[in-house]
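The values are calculated or read from the model by the stated rules, or taken from the named source; none is laboratory data. Computed from a prediction, not measured in an experiment: that's the story for all the values here. Cβ: placed from backbone, ideal geometry, glycine included. Neighbour counts: every protein chain shown.
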């Protein structure tokens, strides 16, 4: 769901940059030094997962795993996702540098929201863990698609059709993200429960 260069209006770009800067500052403030390897690893996971793109109008849909990043990092998802998007923009011209603020905010804020909404349920039974992790994967992509669509809409009513198409085209990806996030979290709960703050189920 990267938004390409030259699509968004200047006020939307400026607003996205300001909001992402605030999220980055908070994420860095809350990130302990000993969690840095985890943040780097999940930034790499996000980077690799996002490399396969399917174009949809002025944007694209792809596997992002921002729900998984959010569940494991909380506010540190902002710097992790920012680094991944920056590397994609520089190395592959995905999204571009001018839209980096909007793209970061659209991906990272849903990750943080899903952390607060779903992470507490990971410490309960197996059914709660699977449902919460699926909701995090599904919901993070849904929120990211809605924020991307909102960014397009705020840049001009001409993008209304494209905005709606992005949300609709993301529906299969939402379900896939939910399943993959559930499997990944279940595996981590068995192999490294300390990452989730709980014992194995």
(request) Please verify whether the stretch 109-131 includes one or more residues that are outside any helix (DSSP H, G or I) and either within 30 Å of residue 4 (Cβ to Cβ) or at pLDDT below 95 (or both). (result) yes
(message) Looking at the stretch 3-20, can you tell me whether even one residue there is modelled with pLDDT under 90, closer than 16 Å to residue 149 by Cβ, over 17 Å from the mean Cα position of the chain (by Cα) and surrounded by fewer than 17 Cβ atoms within 10 Å (Cβ to Cβ)?
(response) yes
(request) Sort out which residues of the stretch 142-187 are surrounded by 17 or more Cβ atoms within 10 Å (Cβ to Cβ), within 24 Å of residue 121 (Cβ to Cβ) and free of Cβ contacts under 8 Å to residues at least 40 places away in the same chain, and write them in order of number. (result) 142, 143, 174
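Quick check: anything in the stretch 83-100 surrounded by 23 or more Cβ atoms within 10 Å (Cβ to Cβ), touching a residue at least 12 places away in the same chain (Cβ under 8 Å), touching a helix residue (DSSP H, G or I) at 6+ places or on another chain (Cβ under 8 Å) and closer than 22 Å to residue 29 by Cα? Show your work before the answer.
Initial filter on the stretch 83-100 (surrounded by 23 or more Cβ atoms within 10 Å (Cβ to Cβ)): 84-85, 95, 99.
With touching a residue at least 12 places away in the same chain (Cβ under 8 Å) added as a condition, the list becomes 84-85, 95, 99.
Among the residues that remain, those that are also touching a helix residue (DSSP H, G or I) at 6+ places or on another chain (Cβ under 8 Å) are: 84-85, 95, 99.
Those left that are additionally closer than 22 Å to residue 29 by Cα: 84-85.
Yes, there is a match, as at least one residue in the stretch 83-100 is surrounded by 23 or more Cβ atoms within 10 Å (Cβ to Cβ), touching a residue at least 12 places away in the same chain (Cβ under 8 Å), touching a helix residue (DSSP H, G or I) at 6+ places or on another chain (Cβ under 8 Å) and closer than 22 Å to residue 29 by Cα.
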(message) Yes or no: the stretch 130-141 includes at least one residue that is touching a residue at least 24 places away in the same chain (Cβ under 8 Å) and farther than 19 Å from residue 67 by Cα.
(response) no
(request) Pull up the stretch 112-138, narrow it to residues that are closer than 17 Å to residue 77 by Cβ and surrounded by fewer than 21 Cβ atoms within 10 Å (Cβ to Cβ), then point me to the one that is nearest to the chain's Cα centre (by Cα). (result) 113
(message) Which pairs turn up if I take residues in the stretch 21-42 that are touching a residue at least 40 places away in the same chain (Cβ under 8 Å) and look for partners that are loosely packed, with under 15 Cβ neighbours inside 10 Å and assigned to a helix (DSSP H, G or I) with beta carbon separation below 9 Å, at least 6 apart in sequence or on another chain?
(response) 38/195
